[in-house]
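Read-outs throughout are calculated quantities, based only on the coordinates presented, and are distinct from any laboratory measurement. Everything numeric in this text was worked out from a predicted model, so none of it was measured. Quick reminder, even Gly has a Cβ in these numbers, built from the backbone with ideal geometry, and neighbours come from all protein chains shown.
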Amino acid sequence: MAILLAFGCETKYEYDFQNPNLPVDERIENLISLLTLEEKAGLMVNVSEPIERLGIPAYDWWNEALH
């Protein structure tokens, strides 16, 4: 019974980059390999549209740069 519970509680990740148990370098490499060129370019600005197919939400890293 304990074995069944252990397997039932195992978290499944659709993509390797979502798995916090993997090394960061491996997760980054996986994410970059999945992104299209357009998606990569879109992530290089302060406002980004969501990448729904990968479960990446939209974000706005607003910065007034008053320093």
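Tally up the residues in the range 31-52 that are part of a helix (DSSP H, G or I), within 11 Å of the chain's Cα centre (by Cα) and either surrounded by 10 or more Cβ atoms within 10 Å (Cβ to Cβ) or on the phi > 0 side of the Ramachandran plot (or both), please.
Of the residues in the range 31-52, 3 are part of a helix (DSSP H, G or I), within 11 Å of the chain's Cα centre (by Cα) and either surrounded by 10 or more Cβ atoms within 10 Å (Cβ to Cβ) or on the phi > 0 side of the Ramachandran plot (or both).
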- In the range 8-30, the residues that are surrounded by 11 or more Cβ atoms within 10 Å (Cβ to Cβ) and in a helix (DSSP H, G or I): Asp16, Phe17, Gln18, Glu26, Arg27, Ile28, Glu29, Asn30
